[in-house]
Amino acid sequence: MSNTIVDIELEILKKTVHAFIKDHVLPAEHAPEKYVKELSEEVVAHLQTEAKKAGLQALHAKQEWGGTGLSLSARAVLLEEAAKHRLGLYHPAGDAFGGDFPSFLDKCSREQIDKYIKPAISLGKGCFVAVWEEQEDNHLDSLTTTAIKDGTEWIINGHKAFIQNMAQSSFGVILVNCQLENGDYQPALFLLEANQLSIKETVMIDVQSTHSIVLENIRVNDCQRVGAIGEGTALVQHWLAEAQVLLGAKSIGIATKALEFGKQYAMIRITRGKPLAEFPTIRTMLAKSFLNLQAARLMVSDAAKKIESKEQNWQLAAQMAKLQATETASKVIDDIVQIHGGSGFAGDLPIERWYKEIRIARVNLQKAETIMENIADIIL
């Protein structure tokens, strides 16, 4: 059960996160005296120690597991704030708040919680999710990885790609199609340990990594199954919706910070005898950015509430929020680069990194084309 917090408590938490970024994360990113591409394990461990003191350990975990137990809506608000730094889109607060724990882990048994989840929390890690495949990264019904029963074990064969957060995870969950006695296949989730897997890393646009795994006769015990056979797709759909909302929130966070850089630069950059901020074109550009970010923020908040209450079309609300937030963030960051001119591509500003990362975010967790088709199916 998620903690219910009132607006004033959430505002206090938001200010706590803001102070944490200012006092701990930004200095850690600036410490190497050059623009940082990643934080060392030692720095992350220190940040997690400080986060624990601030009551922000394991932001995405249930309270009974040792986490904050916050609702999706509250986490979206806090992650927007936690993303406002160079590495914030994919490493909010420098990973100080621990890794991800998908909602379907609620289905875990007490033994699974003790073996996988609690140790991960104590290590400051989380859980990766292996769903997509190279030939299919948008539709859950078209996946081909299979599991065949052999006594108390399942033998898994297949391939999973586009896996994120592996470095921040101590275990994972994989979606497979289990062969039943009658020959039919039904989706199910299984817990995996990283040391069971053959892992390949792929670097994308020099700022992010994704991983793929090959599963050749990988054996897992039935006690590693999460939920019932046949529930796999439904459980992943709920995780996907939550992940889309949180990605949207983080995208708004970096775009909001980019807008701050743009406003500051426009006020000090003199051209043709006056600041850029006095030119109508620039003023309109900044005003539209502010307006569109607020609209995207409201969509993310609305989607989070619909997921929590399972309102009609909650999945579509999450997809639209993710699409609107990432597309808006992309446009805002592009405009801020334009305002900065050549200096916008300089590595001493995080705008250059965000410009690359937001392009990746736009195709993460379902592409725009897939979401548009889903919208069309609803309205036509």
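Only helical DSSP H runs with n ≥ 4 go in: add -39500 (n - 2.57) per run for the chain, normalise by residue count and round the 222 nm mean residue ellipticity to 500 deg cm²/dmol.
About -14500 deg cm²/dmol.
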FRET efficiency estimate (nearest 0.05) - Cβ-Cβ, GLU181 to ALA234, R0 30 angstrom: 0.85
Model label zone, LEU380; criterion: amide N under 17 Å from point 7 Å along Cα-to-beta-carbon; scope the stretch 313-347: none
Amide H contacts under 5 Å for VAL173, restricted to residues at least 5 apart in sequence or on another chain and with H modeled in the peptide plane, are PHE128, VAL129, ALA130, LEU192
Among the lysines, which have Cα under 20 Å from the Cα of LYS107 when same-chain residues fewer than 8 positions away are ignored? LYS62, LYS115, LYS118, LYS125, LYS310
Whole-Hz ³J(HN,Hα) for each residue in the stretch 184-197, computed from phi via Karplus 6.51 cos²θ - 1.76 cosθ + 1.60 with θ = phi - 60°, x for glycine and proline: what do you get? 6, 10, 10, x, 8, 10, 10, 6, 10, 9, 4, 6, 7, 10
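Restricting to DSSP loop positions (anything but H, G, I, E, B) with no more than 14 other Cβ atoms inside 10 Å of their own Cβ, which trypsin sites (Lys or Arg not before Pro) remain in the stretch 19-93?
Those that pass, being in a loop and sparsely packed, are LYS34, LYS37.
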The answer for ILE218, listing residues at least 5 apart or on another chain whose modeled amide H is closer than 5 Å to its amide H, is ILE156
Compute the long axis of helix 41-53 from its Cα atoms, compare it with the longest principal axis of the Cα atoms of the chain, and write down the angle in degrees, 0 to 90, nearest 10. 90
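Determine the sum of side-chain charges near ILE113: Lys and Arg each +1, Asp and Glu each -1, restricted to other residues whose C-beta is under 11 angstrom from that of ILE113.
Taking every other residue near ILE113 into account, the sum is +1.
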Just to confirm the filter: which trypsin sites (Lys or Arg not before Pro) across the stretch 279-319 are DSSP coil and have at most 15 other Cβ within 10 angstrom of their Cβ? LYS310
In the chain the DSSP beta bridges are antiparallel at a rate, in percent to nearest 5, of 80
Pop out the ³J(HN,Hα) list for the stretch 239-254 in order, Karplus 6.51 cos²θ - 1.76 cosθ + 1.60 with θ = phi - 60°, rounded to Hz; leave Gly and Pro as x. 4, 4, 4, 5, 5, 5, 5, 5, 5, x, 4, 5, 5, 5, x, 5
What does the highest-first list of 370-380, 120-130, 105-115, 11-21 look like by mean Cβ count within 10 Å? 120-130, 11-21, 105-115, 370-380
Distance in nm between pseudo-label sites at ASP7 and LYS288 (7 Å out along the Cβ direction from Cα): 3.1
Got a sec? Charge dipole of the stretch 233-379, +1 on Cβ for Lys and Arg, -1 for Asp and Glu; which of LEU349, GLN237, MET372 is way out at the positive end? LEU349
Backbone HN-Hα couplings from phi across the stretch 305-314 [Karplus 6.51/-1.76/1.60, Hz, Gly and Pro as x]: 5, 5, 5, 4, 9, 6, 5, 4, 6, 5
Using a basic spin-label model with each label point 7 Å from the Cα along Cα→Cβ, how many nm lie between LYS107 and MET372? 3.3
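Every read-out reported here was derived from the displayed coordinates using simple, explicitly stated rules and does not represent laboratory data. Note that the coordinates shown come from a computational prediction; the quantities given were computed from them, not determined experimentally. Don't worry about glycine lacking a Cβ; one is built from the backbone with ideal geometry, like all the others, and counts go over all protein chains shown.
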